[in-house]
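Novice: Please see the structure below; I have some questions.
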Amino acid sequence: MLFASPLAFSQSEALKVVANSLGFFQQTKDINWLGRAKKSIDSLITSRKDSNNIEKITYRGLVYASILQVDTTNKLNQPGDFFNSTAEFVDNKLAKHPKINRYPDELKFIRQCLANAAIRIGFDYMNKSDFTNAEKYFSRANYYDPTYKPLNAYLAYSNTKLGNLQQAASFYNSLIDGDNIKPEYIQTAANINMAVGDTAKALAIIKRGKTALPGDKYLLMDEANIYNNKKDYKALEPLLPNLIAEYKSNPDVIFVAANCYDQLSKYDKAEDLYLQAIELNSVAFDPVFNLGVLYYKKSAIDKKDDDVLKDIYYASKWLQKAAEILPTDVKSLQLLQQIYQRTGNTRQLNKVNIKLKQLTDKVSYEN
C-alpha cells in the first residue's frame, strides 16, 4: 500500500498531516483516520491555485479513492454522488494535470481503488436485477482497470441479461483468449455465439476448449449438439463412442447417437441404440417411432423374404406402440396404413383408416 511510507512528495507540514492520517489508517484499519484525512485535504484546497497544485490534488485523489474502496457501508456519510464526483475529478482534473506524470504509482493506485468501488456498486445493482446500471459500473471499472480479466465475465453476464448478445459474445470471447480458460466461459461463449448465428465461431471455441481441457464431457456434448442441430451426421459420428461412454444412462443422448447412425444407414448400430433409449425411457415417442421407421426402411432393402417379413413385423409392432404413446400423430398411422395395404391386412387397415379420418375431421373442424 502507498500509505506505508511517505509519498514521493516534498511535503509541506500541512500535507504531512494528511499523510500521517493515511499512515495511521494503514496501521490501525480505523476508518475514522480516512475521515480525518479527508477533512485535512479539503481544508487545504480552497482556491484556484490550490486546485492546480499537483501535490494537493494527488493527495485528494488518494484520500477520496481510498474512502470509496474501504468504506463499503458509508460509515463516513459521504454524499450519494461521491463515486461520480470523485471519478469526474480524477478523470478530468487529476489525470489531465500536466505534472501528473511525476506520480504514476499514485495515479495507478487511485484508478484501482475506483475500479474496485465500481465493481462493488455494479454487484449491488446486479443483486437487485438492475442490469442496466450493473453494466454501466462494470464498464467504468473496466475503464479504470482494463487488465482485470474477470470484469469481462461480469460485463458478458450483464449484457446477456440485457439482451445485448453481440456485446456479450465479444466479452465472452475475450475471456477465452488468455491462458486461464474456464469450462463455463467456453460453454457460455459457444452458446452466445450460437445465439447470434455464428456457428463457426462457436465450434472453434469448443474445439479450442477441448484442446485446453481434454476429457471435458460438457464440451463434448456441446460440440455434438451443434453437429446434431446442423444435421451434420458425418461430423457427429466420430464423437459418438466417447459421448455414449460419458452419457450411457441418458436416453436423449443415446437417441441422438442412434439417429446419427440411422441417418448414415448404419442400421445395426442404430437398432441397438434405439432399443437402449427405449429401455431407458419407454414412454418416449421419438425412439419408438424411429425404430419402426428403421425396420420399414430395412424391409425395402433386405433381399431374403424371411428378413423382409421380419422387418415388416417389427415395423408394425413399433409403429403401433408409437401410435399408442402419441395417438394424435398422423405419421405413425400413415406408415401403418402403408404396411397393412402392402401385407393385405384388411382388418388392421380399416382400424387405421378410421383413426386417420377421425384425426382429419377433427383438424378440419378446429380450422
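The values are calculated or read from the model by the stated rules, or taken from the named source; none is laboratory data. The model shown is predicted, which means the values in this text are computed figures rather than measured ones. Glycine also receives a Cβ, built like all others from the backbone with ideal geometry; neighbour counts cover every protein chain displayed. The area values use the complete protein model at the heavy-atom level, side chains included, leaving out ligands, DNA and RNA. Shrake-Rupley method; radii C 1.70, N 1.55, O 1.52, S 1.80 Å.
Novice: Output the residues belonging to segment 267-300 that are open to solvent by 80 Å² or more (accessible area, probe 1.4 Å) and part of a loop (DSSP other than H, G, I, E, B).
Specialist: 283
Novice: Go through segment 86-112 and count every residue that is of a type in the set (Lys, Arg) and buried (at least 17 other Cβ atoms within 10 Å of the Cβ).
Specialist: Filtering segment 86-112 for residues of a type in the set (Lys, Arg) gives 93, 96, 99, 102, 108, 111.
If we keep only those that are buried (at least 17 other Cβ atoms within 10 Å of the Cβ) too, we end up with 111.
Of the residues in segment 86-112, 1 are of a type in the set (Lys, Arg) and buried (at least 17 other Cβ atoms within 10 Å of the Cβ).
Novice: When you go through (1) within 16 Å of the chain's Cα centre (by Cα); (2) open to solvent by less than 60 Å² (accessible area, probe 1.4 Å) one by one for residue 144, which number turns out not to apply?
Specialist: (1)
Novice: Which of the numbered conditions does residue 103 fail, given that it passes all the others? Conditions: (1) at pLDDT 95 or above; (2) farther than 18 Å from residue 175 by Cβ; (3) hydroxyl-bearing (Ser, Thr, Tyr).
Specialist: For residue 103, the exception is condition (1).
Novice: Condition test on residue 181, is it open to solvent by less than 50 Å² (accessible area, probe 1.4 Å) and not in a helix (DSSP H, G or I)?
Specialist: Considered against the rule, which asks whether it is open to solvent by less than 50 Å² (accessible area, probe 1.4 Å) and not in a helix (DSSP H, G or I), residue 181 comes out as yes.
Novice: Follow-up question, since we're still on this one. Has segment 47-69 got at least one residue that is of a type in the set (A, V, I, L, M, F, W, C) and either open to solvent by 30 Å² or more (accessible area, probe 1.4 Å) or over 19 Å from residue 18 (Cα atoms) (or both)?
Specialist: Checked segment 47-69: no residue is of a type in the set (A, V, I, L, M, F, W, C) and either open to solvent by 30 Å² or more (accessible area, probe 1.4 Å) or over 19 Å from residue 18 (Cα atoms) (or both).
Novice: Do you know which of the residues in segment 301-312 that are open to solvent by less than 70 Å² (accessible area, probe 1.4 Å) and among the charged types (D, E, K, R) is nearest to residue 334 (Cα to Cα)? Break it down into steps so the answer makes sense when it comes.
Specialist: Keep residues of segment 301-312 that are open to solvent by less than 70 Å² (accessible area, probe 1.4 Å), which gives 302, 307-308, 311-312.
Now narrow it down to the ones that are among the charged types (D, E, K, R): 302, 307, 311.
Values: 302: 22, 307: 23, 311: 17 Å.
This residue is 311.
Novice: So, in segment 26-44, exactly how many residues are within 14 Å of residue 61 (Cα to Cα) and either touching a strand residue (DSSP E or B) at 6+ places or on another chain (Cβ under 9 Å) or open to solvent by 40 Å² or more (accessible area, probe 1.4 Å) (or both)? I'd like the intermediate steps shown before the answer.
Specialist: From segment 26-44, those within 14 Å of residue 61 (Cα to Cα) are 34-35, 37-42, 44; that's our starting set.
Subsequent filtering for residues that are either touching a strand residue (DSSP E or B) at 6+ places or on another chain (Cβ under 9 Å) or open to solvent by 40 Å² or more (accessible area, probe 1.4 Å) (or both) retains 39, 42.
Residues that pass the stated criteria total 2.
Novice: Can we say residue 170 is at pLDDT 95 or above, of a type in the set (Ser, Thr, Tyr), within 30 Å of residue 202 (Cα to Cα) and within 30 Å of the chain's Cα centre (by Cα)?
Specialist: For residue 170, the condition - at pLDDT 95 or above, of a type in the set (Ser, Thr, Tyr), within 30 Å of residue 202 (Cα to Cα) and within 30 Å of the chain's Cα centre (by Cα) - is not met.
Novice: When segment 301-328 is examined, which residues are found to be part of a loop (DSSP other than H, G, I, E, B) and not charged (D, E, K, R)? Quick ask: steps written out before the conclusion?
Specialist: Just the residues of segment 301-328 that are part of a loop (DSSP other than H, G, I, E, B), to begin with: 302-304, 326-328.
Scanning segment 301-328 gives 326, 327, 328.
Novice: Let me ask something additional. Since residue 134 meets every condition but one in (1) aliphatic (A, V, I, L, M); (2) surrounded by fewer than 15 Cβ atoms within 10 Å (Cβ to Cβ); (3) closer than 30 Å to residue 161 by Cβ, which condition does it not meet?
Specialist: (2)
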